[in-house]
Structure formats: structure tokens, C-alpha cells
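What follows is a short report on a single structure.
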Amino acid sequence: MLGAIAGDIIGSTYEYINDRKYDFELLTDGSFFTDDTVMTLAIARWIMESDSLSSPDLVKSMVDLGRKYPDAGYGPRFKNWIWSNTPQPNNSYGNGSAMRVSPVGLYAHSLQEALELAYITAAVSHSHPEGIKGAQATAATIYMTKNGYTKDQIRELISVMFGYNLNRIIDEIRPGYEWNDICQRSVPESIICFLEGKDFEDVVRLAVSLGGDADTLGAIAGSIAACVYPIPEWIAKECEKRLTPDLLKIMKDFEKYIENTNLDN
């Protein structure tokens, strides 16, 4: 899960000021975690603590952690959702559903379970079909990656299942890519960054260099890449230093939880 958090932190300072260069400074003094990290950890906590993995338990986890970090950079609609007395699905197809779903892909014991849990995590807020599709495509890619599917297999299966065009390359996409925060213009691009990348840093650099919603592109691409590529130790340490103690504890607890779950199966 550190892959998503590291991608978020690396992209955080390039979301609105981005010259689309590949060779940017990876981590700066101003690099910080955003709502991508907070909501990712809220889902991780839900998986660990909810007996039934129900929607009400998920909403509670997201609302509780979201309110604890009110200035993490939520969009206006989602911020209203967090502070509502009765949070309801808002038919959003924003990429928030995809950037927070990585714990599902890491936890799931089958592709079907990954799709079902991704649906739940998206539908509580991002209930538009594209919002759900973005979460499911991300979770499915993570599940496939951690279970040894090849990049060619992932490209073919995700393209067929979700209708994404994954036969592009980043150098072709980058010149005409415009900033946006919707699933259908960020999830396939993030997956392509993983398919094209050669190691963890390369994947995240490709994602941020697109010049779009850099923290979310980094989070999605990084969450996939970390399933097969080791995160350089210095990046891991620098990113962990930028987390608060309670967020770091959730991340560490989830990593242990996944290890134990895998041992039991």
C-alpha cells in the first residue's frame, strides 16, 4: 500500500504546477500526503476492522478519518459528503474512487472479490458507472499484478473487461493530455504508465509527467507498480516520514494484516 501513498506524495507538488518533464525532483520539502492517502488508509482500516465489510462501516471509516484531516485536499463535493450527517452517493465519476481502492486489490482472494469490494468502496460516494468502473479496473489490475499475471495479460484482460484503450504509449498521450479528475481520463493512463514502466520510480515519473492530476495519477500507478517492483528504500523512508503517527500505524497494521491473511490462505 505504500506504493499508492508514495505516488500520492511524489505527485502532490505537481498537481497544478507541472512542466510535464520526466526528470523532475522526486521529493521536495513541500511534498505531502493528500486526500488520496487519507482515503486509501480509511479503506484499509475498514478491511481490517469491519466484520461484514458493509457499506455503513465503510462510510464511518471514511468520514471519521476524513474529518480528522479536513484540509487534505478533498474536492468540494466530496468534502460536503464527509461533513454530511447522512452521506449519500452523489453519482460522481471523479477519480477519487480509483485512487483509494488499492487496499481492496491487495486484500482480495479472487478477481471476483476484488470487483465486488471495489464496487462497494466506489458506490458509497462515486456511484456513476464510470466511477465504479474506474475503481474496479484499478483493483482488478492490482489483483492481477500481485498474482503474477504478465503485463500483456493485464493489458488484454483490462481492455476487454472495461473497454479502456491500453494500446497507447505515454509519449503519445502527454502532448494532448489535459488536467482532469475523472476516472475515464486518468485510470487507463495510470495503468499504461505501469505497463510501460521499468521500475517503481519510472512508473511514477511517467504518471506525474503527464501533467494532469499528478497526485492521483501517481497514487494509482504507484499502487500497481509496488506489487511487482520494490520501492527504493530512500523513497519509502522519506514518504513514511511525511505521514502522521496514526496514518503510519494504519499503513503498518494493514501490511501485517495482509501478510497474515496470505499465510492463512
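Miscellaneous remarks
- Number of the exception - G197 against (1) more than 13 Å from the chain's Cα centre (by Cα); (2) at pLDDT 95 or above; (3) open to solvent by 10 Å² or more (accessible area, probe 1.4 Å); (4) among the small types (G, A, S): (3)
- Pairs where the first residue, in the stretch 80-102, is at pLDDT below 95 and the second is crowded, with 23+ Cβ neighbours inside 10 Å and of a type in the set (F, W, Y), C-beta under 7 Å, 6+ apart: N90/W81
- Criterion (touching an Asp or Glu at 6+ places or on another chain (Cβ under 8 Å), buried (at least 16 other Cβ atoms within 10 Å of the Cβ) and among the hydrophobic types (A, V, I, L, M, F, W, C)) met by exactly one of A221, A214: A214
- Members of the stretch 92-135 found to be in a loop (DSSP other than H, G, I, E, B) and either closer than 21 Å to P76 by Cβ or open to solvent by less than 20 Å² (accessible area, probe 1.4 Å) (or both), listed by number: S92, Y93, N95, R100, V101, A108, V124, S125, H126, S127, H128
- Any hit, the stretch 71-86, residues being within 17 Å of A219 (Cα to Cα) and among the aliphatic types (A, V, I, L, M): yes
The values are calculated or read from the model by the stated rules, or taken from the named source; none is laboratory data. Just so it is clear, the model here is predicted, and its values are computed rather than measured. Cβ coordinates were reconstructed from backbone atoms using ideal geometry, including for glycine residues, and neighbour counts include every protein chain displayed. The accessibility values were calculated without ligands, DNA or RNA, using every heavy atom of the protein model including side chains. Shrake-Rupley method; radii C 1.70, N 1.55, O 1.52, S 1.80 Å.
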